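In what follows, a single structure is set out as structure tokens and then discussed.
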Amino acid sequence: MFPLPLKRASNWLHTQLLSDFAYLIPLRLFIGIGWVRAGLEKFMDAGWPRGTALVDFFNQHNSSSIVVFPFYRDLIQNVFAPNALALSWLIMAGQILVGAAILTGACTNFALLCGLFMNLNFILSGEVAPSAFYVVIQVVLLVTNVGYYLGLDRVLARKVPLGLLVALPYALRKYWRLERGIFLGASAALMFLGLAVIPYIRDFTPHSVDDPAMVLLVLAVISGLSALITAVKFPQKGKLVYRPHATITHRYLHTTARGERR
């Protein structure tokens with residue numbers, strides 16, 4: 001016989017792992033560790049806390065024409081470089097906090113959005129790897145709400161039923177109309193971004209994985225389609241009945257004024 005607390009913990013863990021998205025928990029931990037490691041490495045580098053490492057990064061990328069977008073070159077020269085010290089600390093703190101939030105599953109979706117924003121800026125500055133890899137993984141984690149499983153978001157969702165902040169199933173979202181509109185808008189914006197970067201593509205060969213514009217085109221299409229599919233997951237009419245232990249095929253059942261659809 002197992003002690004009662006141990007048995008309860010075992011039952012709780014078993015329930016969490018019954019989810020169709022439990023397979024993505026190791027991926028969530030991988031991304032969380034990656035962000036924390038990146039932030040700590042910068043903190044232990046003497047140049048980053050002083051801002052000199054970031055200035056050198058900007059100078060190297062601007063001089064070598066790695067930054068292919070003119071508007072971002074202007075941002076680096078007129079905004080980022082003059083405030084390199086503050087920006088260095090913002091990046092270091094942001095990476096550590098984002099990683100810790102993803103690891104613990106606390107406000108996971110907001111942390112993933114912050115991570116995507118940082119990766120977007122890294123790609124715009126010419127650093128394609130490993131940011132492109134991170135973007136794909138974080139989009140998957142965001143739309144599957146994996147932070148709800150073995151994460152603090154399961155508790156936070158009771159007070160904050162907003163999926164853009166905490167990870168929770170679509171059927172439990174209080175402001176689903178607003179969120180569906182945001183995802184539809186994001187899908188359209190991402191598709192527009194994909195079209196906008198086409199003139200800046202320098203390499204259409206199989207070696208274009210190092211071309212920031214080509215990488216942005218691919219990521220924009222993937223993310224835009226993911227946002228569109230996510231918007232479709234929200235209810236069109238009536239409400240959704242959530243069955244946490246059902247398979248993904250039967251988990252979401254629409255209800256109408258006449259009663260539940262069987």
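The values are calculated or read from the model by the stated rules, or taken from the named source; none is laboratory data. Bear in mind the structure is a predicted one, so any value in this text is a computation, not a measurement. Cβ: placed from backbone, ideal geometry, glycine included. Neighbour counts: every protein chain shown.
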Evaluate segment 166-179: report whether one residue or more is under 22 Å from Ile25 (Cβ atoms), among the small types (Gly, Ala, Ser), in contact with a Leu (Cβ under 6 Å, 6 or more places away or on another chain) and crowded, with 19+ Cβ neighbours inside 10 Å.
no
Looking only at segment 150-194, count how many residues are of a type in the set (D, E, K, R) and either farther than 16 Å from Val232 by Cβ or not in a helix (DSSP H, G or I) (or both).
6
With the condition kept exactly as written, say whether any residue in segment 214-228 is at pLDDT below 90, out of contact with any Ser or Thr (no Cβ under 7 Å at 6 or more places or on another chain), surrounded by 17 or more Cβ atoms within 10 Å (Cβ to Cβ) and not hydroxyl-bearing (Ser, Thr, Tyr).
no
If we keep only residues of segment 155-174 that are within 21 Å of Leu116 (Cβ to Cβ) and out of contact with any helix residue (DSSP H, G or I) (no Cβ under 8 Å at 6 or more places or on another chain), then the residue modelled with the highest pLDDT is Leu156
Quick one: which helices (runs of 4 or more DSSP H) lie wholly within segment 49-149 and hold at least 3 residues that are among the aliphatic types (A, V, I, L, M), modelled with pLDDT of 90 or more and loosely packed, with under 15 Cβ neighbours inside 10 Å?
84-104
